[in-house]
């Protein structure tokens, strides 16, 4: 059994499928943690969600978390400000992938799937989240806004209790990701390899982290856009 974490797929369905099927060769005994931002910017947001649902239907162990882009999508129909922000940040490509003029035209099964995503996940040795935690809050585990939006944070041991934080959200150079796993490994590891970006050099990677060995499995973007 292996435990893997992947973040910030951003509509790059071909790359995601290649990483999972060809590089990880995911097994039914493995556990795959997905840390948010499955949609927007890339060409096939629908394809990413379809593959996630396909894996679950085949009884693969998948734990998927909420990202800020999924949250924007959910809020967009009721809040013009969220809609504007979402469209400005790649939402139009998501609508195109569904052949949907507006969010209301996206099949309810996808919206329901997204609405059920958790904001973070606790393991005995890890805290998994999209963006990070607000350790200035009295209880960082109730600040859900920070979990999907925060950029910089300082860890407080009384909350993490020795557990390493793995997150995404902020595109990070491949060299920085590799440096963060050490040895020694840092207490916070960002695995957002900026898959959807072709510039600057060092981005454009979809990253899987083996949580047991700290091996990084990194593939170049394979999508057409």
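Looking only at residues of the range 174-200 that are touching a helix residue (DSSP H, G or I) at 6+ places or on another chain (Cβ under 9 Å) and surrounded by fewer than 20 Cβ atoms within 10 Å (Cβ to Cβ), we find that the one that is nearest to residue 36 (Cα to Cα) is 188.
Taken over the range 149-175, the criterion of being under 20 Å from residue 213 (Cα atoms) and within 18 Å of the chain's Cα centre (by Cα) is satisfied by 164, 165, 166, 167, 168, 174. How about the range 104-121: which of its residues are under 13 Å from residue 63 (Cβ atoms) and buried (at least 16 other Cβ atoms within 10 Å of the Cβ)? The answer is 117, 119, 120, 121. When the helices (runs of 4 or more DSSP H) confined to the range 1-103 are screened for residues that are closer than 14 Å to residue 114 by Cα and touching a helix residue (DSSP H, G or I) at 6+ places or on another chain (Cβ under 7 Å), those reaching at least 1 such residues are found at 45-57, 68-75, 92-97. Here 80, 101, 43, 124 are screened, and the one residue that is surrounded by 13 or more Cβ atoms within 10 Å (Cβ to Cβ) and either over 16 Å from residue 6 (Cβ atoms) or free of Cβ contacts under 8 Å to residues at least 60 places away in the same chain (or both) is 43.
Computed from the coordinates by the stated procedures, all read-outs in this text should not be read as laboratory data. Note that the structure is a prediction, hence the values are computed from the model and not measured. Here the Cβ is made from the backbone with ideal geometry for all residues, glycine too, and neighbour counts use every protein chain on show.
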